[in-house]
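First the structure, in the form of structure tokens, and then the observations on it.
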């Protein structure tokens, strides 16, 4: 960017897109801040171009995956018939597949993936630690135990999502207390999370075996996470939670990005790091718990989605939108694999995410160790 | 060497006289044996059918009626396997914590149990292996491979890092567990009898299982006992151990071989049971200090007692159903992990 010397007079915001520009020696002159989505004169959201491009690509991939989910396989609706089916103009088989079999499952999967992705992004930002994500530190397992308790032992008296929230909060409290240093100590956080997850899984197994020992599907859903036999009620649950919390998450996004520079600096810049963290952790817990209450403790989506979003855009800050999109895409692809792969017959989707996410976690660990940051 | 270690023993109070400490240790060992005997008795008394302690005594003297005799005798193999597996897991945990100088080392946490399970499941599903002896032979390479892999991952670089090892174990366990679950869920007819094995359970085993893993357990245990003095030297650090005439590399290798033998034997017998190997050595150290010779012997008493008691609890809480012992040990052992985390230093 040698031409920067000739255009010093420009406002400093110009290098928001500076490095992406071709080196053709023709500086672009344009009034106003660059790289912003503007709405009249009052609103200007700073957006990096790569983030927008990535988001569009992700949405397209998500649509493609959704079409594949609905149309592949012997019960699939052919692509040409999809629009008719959406218009209500379809045969009995098509409407059954769309309304009962695969439609709810797809919608639940996308909602769960988005919720897990955002939840992971929030938590990783608060702990400033890629491993400090809800599935590593026992939050999802705790939510699963709470959901299992509420659904199977206390059926009727406590709604399942409330049970999941209580379980997740309990697990986080236990992790917080047993690390002795809050969420700050990286190593202790992870190991305490493994212990808490083990306790939570033991509770889940106890409950499932105490009540529904013969029902293999219930067991799969509560232990591994599964999307089979989800209905529109589940879809409503997760999407209401996501829709209600998204504005709050958007509000906390900027202060969190500031907080990633360290508590002292964030405080000096006028943010309230402690308050921001409390809000972010609470939101993260509710989002994870919502996802777990409809789909069970799905492994590794909240770990991988924010990390992938970060890798692609190479930016700072929590990347909440992209994390949500990546999470939704991962979940949709994993469920497509669970439905269509020929090797295993209808495995719970959580087993696929566990296998792929485990390999990714291994890669992440090796990378961190090379850098000496863990 | 022994004088060096005993004067460096940090617990037990440096001013306690040698005789008082020996008396205390003897007391603790005797107490452990009593608890183990009670646990064995409880394992024979409690179950889905009601029997009393008197019934068990009658059966042992041969004066009970045939009905009661059948019920109680059906609990013999279960109790024997519980003792053997508990011993293996606890001693393996002790060894690994000594060899890696890592208070979090444990066969379950470090992926060794998961490796053994994955190997056994592969052999059963795809290679047609069946029967407890074949299972045993397949558990060994899986356990060994997983152990080596986790240590290679965890100690890449200069020194072995506690958190790295645990994380590497968690990663390997996650991937292997996904694989094991995928195979067992997709071939339910093959794995009908293995469904409980995958979680870790003492039920449904007979004496064949016991006798086929016995040689491995005995071999591993003898090696562990032989290694005790060298582990004491190793606890002082590599340099001091070398200066004292010990060979750290050899001791480490032998320790890991022994730990792998023991955990493969336990996993083949009862499935992957986590946290016994973590919790028992911590309790043992708190009770009798850091001398590895004593730690190994006492672990061999406390491990079986813990596993049998966990099994008895699992039989009682859901009567007439049973909770698998692996679930109960997680309840007991995971708090031990949290306790160890709180005491961890320099891992932030």
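The values are calculated or read from the model by the stated rules, or taken from the named source; none is laboratory data. Quick caveat: nothing in here was measured; it's all calculated off a predicted structure. With ideal geometry, Cβ positions are generated from the backbone for all residues, glycine too; neighbour counts draw on all protein chains shown.
Can you find a residue in region B:271-278 that is without any contact (Cβ under 8 Å) to a residue 40 or more places away in the chain and surrounded by 18 or more Cβ atoms within 10 Å (Cβ to Cβ)?
Taking region B:271-278 first, the residues without any contact (Cβ under 8 Å) to a residue 40 or more places away in the chain are none.
There is no residue in region B:271-278 that is without any contact (Cβ under 8 Å) to a residue 40 or more places away in the chain and surrounded by 18 or more Cβ atoms within 10 Å (Cβ to Cβ).
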Region B:323-332, residues that are buried (at least 21 other Cβ atoms within 10 Å of the Cβ) and either within 8 Å of another protein chain (Cβ to nearest Cβ) or in a loop (DSSP other than H, G, I, E, B) (or both): B:323, B:324, B:327, B:328, B:330
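What about residue B:34, is it in a helix (DSSP H, G or I), modelled with pLDDT of 85 or more and either at positive phi or exposed (fewer than 13 other Cβ atoms within 10 Å of the Cβ) (or both)?
Working: in a helix (DSSP H, G or I): yes; modelled with pLDDT of 85 or more: yes; either at positive phi or exposed (fewer than 13 other Cβ atoms within 10 Å of the Cβ) (or both): yes.
Taking the combined requirement at face value, the residue satisfies it.
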task: Would you mention how many residues in region A:178-195 are more than 7 Å from every other protein chain (Cβ to nearest Cβ) and part of a helix (DSSP H, G or I)?
output: 2
Condition check for residue A:356: within 14 Å of chain B (Cβ to nearest Cβ) and crowded, with 24+ Cβ neighbours inside 10 Å: no
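Which count do you get for residues in region B:137-155 that are at pLDDT below 80 and touching a helix residue (DSSP H, G or I) at 6+ places or on another chain (Cβ under 6 Å)?
Keep residues of region B:137-155 that are at pLDDT below 80, which gives B:137, B:151-155.
Checking which are touching a helix residue (DSSP H, G or I) at 6+ places or on another chain (Cβ under 6 Å) leaves us with B:153-154.
Here the count works out to 2.
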task: State the number of residues belonging to region A:309-348 that are closer than 24 Å to residue A:292 by Cβ, within 14 Å of chain B (Cβ to nearest Cβ) and in contact with a helix residue (DSSP H, G or I) (Cβ under 6 Å, 6 or more places away or on another chain).
output: 6
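Out of A:295, A:266, A:280, I need the residue that is modelled with pLDDT under 80, in contact with a helix residue (DSSP H, G or I) (Cβ under 7 Å, 6 or more places away or on another chain) and surrounded by 14 or more Cβ atoms within 10 Å (Cβ to Cβ). Which one? Before the answer, list the steps.
Working: A:295 fails: modelled with pLDDT under 80; A:280 fails: modelled with pLDDT under 80.
Going through A:295, A:266, A:280 in turn, the sole match is A:266.
Going by the structure shown, is residue B:338 free of Cβ contacts under 8 Å to residues at least 24 places away in the same chain and not in a helix (DSSP H, G or I)? It would help to see each step written out before you state the result.
Numbers: free of Cβ contacts under 8 Å to residues at least 24 places away in the same chain: yes; not in a helix (DSSP H, G or I): no.
When the stated conditions are applied, residue B:338 does not pass them.
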task: Would you be able to say whether some residue in region B:106-123 is surrounded by fewer than 24 Cβ atoms within 10 Å (Cβ to Cβ), free of Cβ contacts under 8 Å to residues at least 60 places away in the same chain and in a helix (DSSP H, G or I)?
output: yes
Filter result (modelled with pLDDT under 85, more than 8 Å from every other protein chain (Cβ to nearest Cβ), in contact with a helix residue (DSSP H, G or I) (Cβ under 7 Å, 6 or more places away or on another chain) and more than 13 Å from residue A:293 (Cα to Cα)) within region A:205-233: A:207, A:208, A:211, A:212, A:219, A:228, A:229
query: So residue B:318 clears everything in (1) in contact with a helix residue (DSSP H, G or I) (Cβ under 6 Å, 6 or more places away or on another chain); (2) surrounded by fewer than 19 Cβ atoms within 10 Å (Cβ to Cβ); (3) more than 14 Å from every other protein chain (Cβ to nearest Cβ); (4) within 24 Å of residue B:38 (Cα to Cα) except one condition, right? Which one?
result: (3)
task: Go over the candidates A:301, A:279 one by one and state the one that is away from every other protein chain (no Cβ under 12 Å) and without any contact (Cβ under 8 Å) to a residue 60 or more places away in the chain.
output: A:279
- prompt: Does residue A:130 satisfy being crowded, with 24+ Cβ neighbours inside 10 Å, in a loop (DSSP other than H, G, I, E, B) and in contact (Cβ under 8 Å) with a residue 12 or more places away in the chain?
  reply: no
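If you go through region B:125-136 one residue at a time, do you hit one that is crowded, with 22+ Cβ neighbours inside 10 Å, under 22 Å from the mean Cα position of the chain (by Cα), at pLDDT 80 or above and assigned to a helix (DSSP H, G or I)?
In the first step, residues of region B:125-136 are kept if they are crowded, with 22+ Cβ neighbours inside 10 Å; the result is B:135-136.
Cutting the leftovers down to under 22 Å from the mean Cα position of the chain (by Cα) gives us B:135-136.
Right, trim to at pLDDT 80 or above and you get none.
No, because not a single residue in region B:125-136 is crowded, with 22+ Cβ neighbours inside 10 Å, under 22 Å from the mean Cα position of the chain (by Cα), at pLDDT 80 or above and assigned to a helix (DSSP H, G or I).
Restricting to region A:137-158, count the residues that are at pLDDT 85 or above and part of a loop (DSSP other than H, G, I, E, B). Spell out how you get there, then give the answer.
So in region A:137-158, the residues at pLDDT 85 or above come out as A:137-150.
Subset that is part of a loop (DSSP other than H, G, I, E, B): A:137-138.
Within region A:137-158, residues that are at pLDDT 85 or above and part of a loop (DSSP other than H, G, I, E, B) number 2.
Out of the residues in region A:152-165 that are touching a residue at least 40 places away in the same chain (Cβ under 8 Å) and within 24 Å of the chain's Cα centre (by Cα), state the one that is surrounded by the most Cβ atoms within 10 Å (Cβ to Cβ).
The selected residue is A:164.
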message: Within region B:57-72, does at least one residue satisfy the condition of being surrounded by fewer than 20 Cβ atoms within 10 Å (Cβ to Cβ), closer than 20 Å to residue B:310 by Cβ and modelled with pLDDT of 80 or more?
response: no
- request: Answer with yes or no whether residue B:312 is within 29 Å of residue A:193 (Cβ to Cβ) and modelled with pLDDT of 85 or more.
  value: no
